[in-house]
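K.L.:
Take a look at the following structure, please.
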Amino acid sequence: MILLQVIVAGLLIGAVYALFSSGLTLVWGMMNVINFAHGEFVMLGMYVAFWAFTLAHFGVASFSAAAAVVLFMLGVLVYLALIRHVMRGPMLAQILSTFGLLLVLRYAAFWAFGANFVSLPDGILGPSLNVGGILLSAPKLVAGVVALAVTIGMHLLLTRTMLGSRILAVAEDRNAAMLMGIRPDRMQAIAWGLSGASAGIAGALIATFFPISATVGESLGLIAFVVVTFGGFGSVPGAMIAGLIIGLIESLSAYYVGPVYQDVFVYALFVLVLWIRPRGLMGKA
Amino acid sequence: MRRAGWVALAAVLLLFPLSFNNPYYEQLGSLVLLAAISASAWNLIGGFAGQVSVGNAVFFGAGAYMPLLFYKLWQVSPLLGFPAGIAVSLVIAVVIGIPTLRLSGHYFSMATIAVAELIRIVVSNWDFLGAAIGLTGPATPRGWWDLVFRSSNPYYYMFLAVLVTLLAITYAIQRSRFGYDLRASRGGERAARSLVVPVSSYTLYAFMLSATFTSLAGSLYVVKFGFIDPGSGFGILVSINMVLIAALGGAGRLFGPLLGAAILIPLQTETNNLFGGGGTGLTYILYGGIIVLIARFEPGGLFEMWDRLRAKWGSHAA
């Protein structure tokens, strides 16, 4: 029974990984840029949720929305101020730009919010539930389900709406899209906004059950790299499946080997994927 | 004119520690050289081959841990651990490099940082390697071969010898067929492939050479300081320092890393004195800001900026 509980918990956290990773893979697939600061976006989402709750007494739904809006704007801002200027430049400039951003965001948060962990109150989403002998924490259940729904929503947005078609058109062929009257710059800014928003919502959801600190983005960012590589270049459904698998592996290795090593297994899987199937689960060859 | 510049540079480097009878400056000089070694090693893969490693600390850490591990296990000279560190680093470089250097550059960058973090976590929890406390070297030397000296000067000249060797190798590579091919593959990978340049194996060789010298830098660090812990061996700041120093001076330029180190290391020592222990966060913010500015406005670093200014000034004069 405990094993079943470990599996369910892993899948729920995996759904949250899938959510923020789908934002990373969207930008990667669209303009071949990797945002090294994506974990820091999630961290900022956690803090937005925390401050919206503490200062303005927002509920879970409204602070998740607030985190999405704030991080959407940050994503657009980062694109306009930085990425737009380096994306066609040398590889070094592309990688250094978001890597520098990672340092600035992580340590500015460290400096502004302090080294101490903060957290939202325990019972914020009600008590734990007992479903057929499996003990489920309510926040994790809500987070997992909401994250899955938002990730699917993002996939539908990209594949079933006019906006999504425009974004994918720019990803496919920038010049052809321009001839169709689509403004690539605007679509790319929106993609960065959506990417930020996915990190923001995911951060707000994680904040309901996980302590908040300035350095939490370090492992979350690396997990996002593993998920997008495993899922395949630019594939949102791939990121979704990979996120669930990574959550499961993490949960099982924490249970069998020890929580200190849970990330070790995930990073080792990353190297393994690169060796065995570098294009990932759903990537194009 | 050019020759005079070389002589002046050599004279400054050789005479630097002798011109001050002040331990602070002697120490500073050896720190600049050490930083220049690891940044020049990064430059081989990040600057010349154009593959941005953000996890070179993994080689530095391997090079730093091995000599002290040999001393701890068998009480032998730390020198014997140098080749072991290089061997471990080469294995890691191959494991990361073979799968990723065939793919687009992002995979390589992501893999370097993930592997560095993986190994940092393992070392931090492994009692055999001293876990979070780390390892300590010989406190009092039993002979010269323990490489424990009271003054900074022997270290200074040791570091200088390694740096000169590394720069000489880099210079030779730059002027060789291998160097031209590397630059060609950085400029346009597909074009280089079409000219039958074996891009991924050449890049792998550059990465292995980079790993070798980064490991050596770690070994030199540890004989000077006598101890190592997971943070100062494998920490993210170690990797950041290499990237930042090389990019500031000029990635892909022979003397870029040395210039970057000569500027950044004194600045770093000063800001640490200024902010004190609590200021590490501020130092990182500053670093991040400089990195973003370089990427956005001057990806060629100070050397390229200087070239451009000189060209502009030259055209005005003419």
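Every number here is computed from the coordinates shown, using simple stated rules; none is lab data. Model, not experiment: these values are computed from the prediction. Using ideal geometry, Cβ is built from the backbone for each residue, glycine included, and neighbour counts are taken over all protein chains shown.
K.L.:
By the gyration tensor of its Cα atoms, with a ≥ b ≥ c the square roots of the eigenvalues, what is the shape of the stretch A:1-75: rounded for a/c under 1.5, prolate for a/b over b/c, or oblate?
P.N.:
Because a/c hits 1.5 or more and a/b fails to exceed b/c, the stretch A:1-75 counts as oblate.
K.L.:
Same structure, new question: Just the Cα atoms of the stretch B:88-128, one point each, no solvent: what log10 I(q)/I(0) does Debye give at q = 0.24, 0.26 Å⁻¹?
P.N.:
With one equal scatterer per Cα and no solvent, log10 I(q)/I(0) is -0.80, -0.88.
K.L.:
Also, I was wondering about something else. By the gyration tensor of its Cα atoms, with a ≥ b ≥ c the square roots of the eigenvalues, what is the shape of the stretch B:1-86: rounded for a/c under 1.5, prolate for a/b over b/c, or oblate?
P.N.:
oblate
K.L.:
Per-residue HN-Hα couplings for the stretch B:177-185, Karplus 6.51 cos²θ - 1.76 cosθ + 1.60 at θ = phi - 60°, whole Hz, x for Gly and Pro?
P.N.:
Listing the rounded values in order: 4, 4, x, 5, 5, 4, 5, 4, 6 Hz.
K.L.:
Further question on the same structure: Roughly what angle does helix A:217-231 make with the longest principal axis of chain A, taking Cα atoms, 0 to 90 degrees, to the nearest 10?
P.N.:
Around 70 degrees separate the two axes.
K.L.:
Just check the stretch B:1-149 against the gyration tensor rule for me: Cα atoms, a ≥ b ≥ c as the square roots of the eigenvalues, rounded for a/c under 1.5, and otherwise prolate or oblate depending on whether a/b exceeds b/c.
P.N.:
oblate
K.L.:
Something else about it: Does a label point 7 Å from the Cα of residue A:162, set along Cα-to-beta-carbon, have any residues of the stretch A:174-212 with amide nitrogen under 11 Å, and which are they?
P.N.:
The answer is none.
K.L.:
Can you tell me the dipole magnitude for chain A around its Cα centre, using point charges on the Cβ only (Lys, Arg +1; Asp, Glu -1), in Debye to the nearest 20?
P.N.:
The dipole magnitude comes to about 680 debye.
K.L.:
A further question on this structure: Pop out the ³J(HN,Hα) list for the stretch A:242-255 in order, Karplus 6.51 cos²θ - 1.76 cosθ + 1.60 with θ = phi - 60°, rounded to Hz; leave Gly and Pro as x.
P.N.:
For the stretch A:242-255, the Karplus-derived couplings read 4, x, 4, 5, 5, x, 5, 4, 4, 5, 5, 6, 5, 6 Hz, x marking Gly and Pro.
K.L.:
Which three numbers, in whole Å and largest first, are the semi-axes of the equivalent ellipsoid of the stretch B:24-234 derived from its Cα gyration tensor as √(5λ)?
P.N.:
Its equivalent ellipsoid spans semi-axes of 32, 20, 13 Å.
K.L.:
Another question, then. Residues of A:173-180, mean number of Cβ from any other protein chain within 10 Å of their own Cβ, rounded to a whole number?
P.N.:
So the per-residue partner count for this stretch is 0.
K.L.:
Something else now. Name the residue, out of B:104, B:239, B:124, whose mean-square fluctuation peaks in a Gaussian network model built on chain B with Cα pairs under 10 Å.
P.N.:
B:104
K.L.:
Between the stretch A:24-89 and the stretch B:75-90, how many Å separate their Cα centres?
P.N.:
What the calculation gives is 44 Å, centre to centre.
K.L.:
So what is the 222 nm mean residue ellipticity for chain A from helices alone, if each DSSP H run of at least 4 adds -39500 (n - 2.57) and you divide by all residues, rounding to the nearest 500 deg cm²/dmol?
P.N.:
About -24500 deg cm²/dmol.
K.L.:
Using only the alpha-carbon atoms, how far is helix A:184-207 inclined from the longest principal axis of chain A? Give it as 0 to 90 degrees, nearest 10.
P.N.:
10 degrees
K.L.:
DSSP loop chymotrypsin sites (Phe, Trp or Tyr not before Pro) in the stretch B:57-96 with at most 12 other Cβ atoms within 10 Å of their Cβ, which ones?
P.N.:
Of the chymotrypsin sites (Phe, Trp or Tyr not before Pro), not one in the loops of the stretch B:57-96 has a Cβ with at most 12 other Cβ atoms within 10 Å.
K.L.:
If you place +1 on the Cβ of every Lys and Arg and -1 on the Cβ of every Asp and Glu, how big does the dipole about the Cα centre of the protein assembly as shown come out, in debye to the nearest 20?
P.N.:
1580 debye
K.L.:
Right, here's the next one. Set Lys and Arg Cβ to +1 and Asp and Glu Cβ to -1, take the dipole of the stretch B:24-234 about its Cα centre, and tell me which of B:63, B:191, B:76 lies farthest positive.
P.N.:
Among B:63, B:191, B:76, the one farthest towards the positive end of the dipole of the stretch B:24-234 is B:191.
K.L.:
Would you mind pulling out the separation of the Cα centroids of the stretch B:91-127 and the stretch B:136-199, in Å?
P.N.:
What the calculation gives is 20 Å, centre to centre.
K.L.:
What ratio of Cα Rg to 2.2 N^0.38 Å holds for chain A?
P.N.:
In units of the 2.2 N^0.38 Å rule of thumb, it is 0.97.
K.L.:
Given springs between every Cα pair under 10 Å in a Gaussian network model of chain A, which of A:74, A:11, A:163 has the largest fluctuation?
P.N.:
Result for chain A, Cα springs under 10 Å: A:163 fluctuates most.
K.L.:
Which three semi-axes in whole Å describe the equivalent ellipsoid of the stretch B:161-260, each the square root of 5 times a Cα gyration tensor eigenvalue, listed largest first?
P.N.:
Computed over the stretch B:161-260, the values are 29, 15, 13 Å.
K.L.:
Determine one quarter of the surface area of the Cα convex hull of the protein assembly as shown, which equals its mean projected area, and express it in nm² to one decimal.
P.N.:
30.9 nm²
K.L.:
Now a separate question. Give me the angle, in degrees from 0 to 90, between the Cα long axis of helix A:91-113 and the longest principal axis of the Cα atoms of chain A, rounded to the nearest 10.
P.N.:
40 degrees
K.L.:
If I build a Gaussian network model for chain B, linking alpha-carbon pairs within less than 10 angstrom, which residue out of B:249, B:29, B:130 has the largest mean-square fluctuation?
P.N.:
Looking only at B:249, B:29, B:130, the biggest GNM fluctuation is shown by B:130.
K.L.:
Which is the longest part of chain B that has none of the trypsin sites (Lys or Arg not before Pro) sitting in a DSSP loop with at most 16 other Cβ atoms within 10 Å?
P.N.:
With a cap of 16 other Cβ atoms within 10 Å, the longest stretch comes to B:151-318.
K.L.:
Under unit Cβ charges (Lys, Arg +1; Asp, Glu -1), what dipole magnitude, rounded to 20 debye, does the stretch B:1-144 have relative to its Cα centre?
P.N.:
Here the stretch B:1-144 has a charge dipole of around 300 debye.
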